[in-house]
1. May I ask you to evaluate 6.51 cos²θ - 1.76 cosθ + 1.60, the Karplus curve with θ = phi - 60°, for each residue of the range 339-355 and list the ³J(HN,Hα) values in order in whole Hz, giving x for glycine and proline?
2. Convert each backbone phi in the range 57-74 into a coupling constant with the Karplus relation 6.51 cos²θ - 1.76 cosθ + 1.60 (shift: θ = phi - 60°), then list the ³J(HN,Hα) values in order as whole Hz, x for Gly and Pro.
3. For Gln232, enumerate residues with amide H under 5 Å from its amide H, sequence gap 5+ or separate chain, H modeled in the peptide plane.
4. For each pair in Lys151/Lys374; Lys61/Lys339; Lys316/Lys339; Lys151/Lys316, compute the distance between the two Cα atoms and list the pairs where it is over 28 Å.
5. How long are the semi-axes of the equivalent ellipsoid of the range 364-417, defined as square roots of 5 times the Cα gyration tensor eigenvalues? Whole Å, largest first.
6. Take Thr412 and Ala166, extend 7 Å from each Cα along the Cα→Cβ direction, and tell me the distance between the two endpoints in nm.
7. Applying 1/(1 + (r/R0)^6) with R0 = 25 Å to the Cβ-Cβ distance of Asp387 and Tyr351, what FRET efficiency is obtained, to the nearest 0.05?
8. Determine, from the Cβ-Cβ distance of Lys404 and Thr114 and an R0 of 41 Å, the FRET efficiency 1/(1 + (r/R0)^6), rounded to the nearest 0.05.
Amino acid sequence: MRFTTYTKYRGGWLDALNLQELLDRLAEFLLQGGFAGTPQDVPWWADPADHFPDRSLEALKEALLRALIESGQLTPEMLAELRGDGDGDEEVRQRIADLLDDLVQRLVEEGYLTLTPSAPGATTAMQPPGGRKIDEGAEAARSVEFQLTSKGLDFLGYRTLKHLLAALGRSSHGSHETPHLATGVEAEAASRPYEFGDTLNLDIPATLTRALHRNGLELPLELDYDDLMVHQSEYRSSCATVLLLDISHSMILYGEDRFTPAKRVALALSHLIRTQYPGDTLRVVTFGDRAQEIPLGELPRAQVGPYHTNTAEGLKLARRLLLAQKKDMRQIVMITDGKPSAITLPDGRVYKNPAGLDPRVLKETFAEVAACRKAGIVINTFMLAQDPALVQFVAHVCELARGKAYFTTTMTLGQYVMRDFLRRRTRRVK
């Protein structure tokens, strides 16, 4: 005979922690891409350590520890021990080490992170070192790297979107609105006679009224094709979007990381489109010396390089991607902080002028902007700098593309992008 024994549940510290809230606090750390160049490419006045983020398990534990301290999750005894003001209690240190190990393990088990050896011969692939003191496990932790999973990316996109929409206040969700009317399920306008191909969403009172006007009060009532009236609803249009991200060296090297906030905006847009606008598409294109499309799953590992700003090639690639999609609306959301300083020559070589606003570069860039306008593609530019010469350049881009320009900061970038996306009223491209 089988017996089942029940015992009283005794929760631990980990059960009291909000894992998702903790992961949200780690968003900036997890999305850091860093600098793709070498230490020699970093200006002499900058600290190279600030531009080459550590992706090791040890760095992850340090970030977790900072998040726990900032959120007030540690006991006074633990805080005193970490500050060096404690009694050197080994038991307290061991509890902190075990807590960090358990947190990492939980993040892996929940599917937010994966752990892989950073070099051949590393001893662990998925199991973080446990049962060690904080300093004793450092060497083992440095040999293991972490990576965000697709679930982790989706969660960070959801949390970012939630914060951005909260900052905007009340925002309407649903499909993009246009001035056109079409037959649908939700009635929002006067009904009209049925035409072949319309959704058969009949306006019964109007249909019967037309039949009565034609035949009078006779039974049985005969309905004719011309009697049919259908409800009209607002035409809902699909949109193809390319997010154009600047990865020139200025996005990270001059005292501010402007690229990581741009990544968070991309993840938030992706989550919004997938959940609220299933008919829409989002592609991500980075542009430095050259432009390339990157999968959204590769965005956390994208890095800023020792590159110039080849805006023309970025626009050209974005235009090609958009024209390949059969959508009513097409738009480019360009996030940059610098003037165009490079173009791709017909032979494939890259012409560069670090000073920026080179007439040759400007001519090619404006030609691509005009090509986008001719193709019915709207370009909305989000600038992370306000240099007077740059303002003039962006104003001309908006004039050519009939788009909008937003001069913003890393703190307000996401709010501006979301406000523009949600409140856009673009006419249907015919």
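The numbers here are math on the coordinates, done by the rules we state, and not lab data. Predicted model only: the values in this text are computed from it and were never measured. Positions of Cβ are backbone-derived with ideal geometry, glycine not excepted, and every protein chain shown enters the neighbour counts.
1. 7, x, 9, 7, 9, 9, 7, x, 8, x, 6, 9, 8, 10, 9, x, 5
2. Taking θ as phi minus 60°, the curve returns 5, 4, 5, 4, 5, 5, 5, 4, 5, 5, 5, 5, 5, 5, 8, x, 8, 9 Hz for the range 57-74.
3. Amide H to amide H, under 5 Å and 5 or more residues apart or across chains, Gln232 pairs with Glu188, Ala189, Ser191, Arg192.
4. Numbers: Lys151/Lys374 39 Å; Lys61/Lys339 39 Å; Lys316/Lys339 17 Å; Lys151/Lys316 32 Å.
Violating the 28 Å Cα-Cα cut-off are Lys151/Lys374; Lys61/Lys339; Lys151/Lys316.
5. Numbers: eigenvalues 89, 36, 10 Å².
For the range 364-417, the semi-axes come out at 21, 13, 7 Å.
6. It is 2.0 nm.
7. Working: r = 22 Å, r/R0 = 0.88.
Step by step, r from the Cβ atoms, then E = 0.70.
8. On the way: r = 40 Å, r/R0 = 0.97.
Calculated transfer efficiency: 0.55.
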